[in-house]
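Below is one structure; the comments refer to it alone.
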Amino acid sequence: MEKINIAGIDIAYERQGRGVPLVLIHGYPLDHTIWDEITPLLENDFDLILPDLRGFGESGLIEADSSILDFASDIADLLTQLKIKRAILAGHSMGGYVALAFGRAYPERVAGLGLISSQLRADTPEGKVGRYETARQVMDKGVGPVVEAMTPKLSAEPRVQAFVRELISKQRPLALSNALTAMAGRPDSTDLAQTFKFPVVVVHGGADALIPVERGRQVKALLPNAHYAELPNLGHMPMMENPQAVAEALRFFLK
């Protein structure tokens with residue numbers, strides 16, 4: 001991976017393919033390798049930029065708390081250093097929250113926005129409390145409890161479960177804690193989405209155990225012109241469970 005220092009943090013990223021710039025943003029508590037099965041399907045159409053968000057994978061970590069906007073600002077600075085003025089951003093789960101924050105802060109730099117297994121809503125008060133509690137547990141007990149809790153919810157497929165179990169186990173407790181507090185503090189994006197002037201793609205698994213498919217349907221109802229791909233029987237990791245279907249949905253940006 002290449003690394004660029006942004007605000008004192010080394011942000012690691014991979015870049016491959018050619019065509020329209022497309023940033024694929026991983027979710028919590030993962031890294032850019034969740035896209036490994038889909039990149040070969042997209043590299044002939046897109047200039048793919050695959051960052052590890054601050055603290056995850058091979059990117060650097062800081063002690064200070066981060067916000068979802070901080071994650072988005074890292075990507076904006078990365079694109080600036082790569083001399084990319086506008087790009088499509090497609091985010092998985094928490095990566096979708098980062099893409100939305102980018103769209104809020106830098107709308108002129110967005111050529112399109114994709115939400116994969118994500119949502120517009122902010123956390124409920126109960127949801128915030130749960131995230132803060134998990135953040136405390138991670139700092140006290142490490143990532144083990146998150147591995148056990150998250151793995152079966154991410155996918156019902158044994159192959160995908162084995163992959164994410166190992167991947168989560170490699171992440172640093174502070175990165176998970178910071179991401180959890182960042183997600184808890186994110187704003188609701190329902191009103192924001194209605195201001196978007198760029199194309200939107202929504203991909204959601206019909207059997208998603210983390211973010212119910214109804215959240216994807218709500219985005220489509222709010223944005224009738226959005227391209228909506230509901231994938232029956234898939235869980236929270238559709239880019240791994242059916243990479244061909246997700247790649248086909250993302251190609252809508254080329255139309």
Within segment 2-254: Cβ-based charge dipole about Cα centre, in debye rounded to nearest 20 (Lys, Arg +1; Asp, Glu -1): 440
Antiparallel as a % of all DSSP beta bridges within the chain, to the nearest 5? 30
Cα coordinate range in segment 128-241, projected on the principal axes (Å, largest first): 45, 32, 20
Over the Cα atoms, compute the radius of gyration (one decimal) and Dmax (the largest Cα-Cα distance, rounded to a whole number) for segment 89-151, in Å. 14.7, 42
Cα-based Rg and Dmax for segment 2-254, in Å, come out at 16.5, 46
Checking a compactness column here: for segment 9-143, what do you get for Rg(Cα) / (2.2 N^0.38 Å), N being the number of residues? 1.06
Taking the dipole of the chain about the Cα centre (Lys, Arg +1; Asp, Glu -1; charges at Cβ), the one of S189, L174, V146 that reaches farthest to the positive side is S189
Below 8 Å between Cα atoms, with a sequence gap of 6+, how large is the relative contact order for the chain in percent? 20
Here FRET efficiency (C-beta to C-beta, E2 to N225, R₀ 25 Å, nearest 0.05) is 0.10
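Values in this text are rule-based calculations from the coordinates and carry no lab data. The structure presented is a predicted model; accordingly, all values stated were derived computationally and were not measured. Counting neighbours? That spans all protein chains shown, and the Cβs are built from the backbone with ideal geometry, glycine included.
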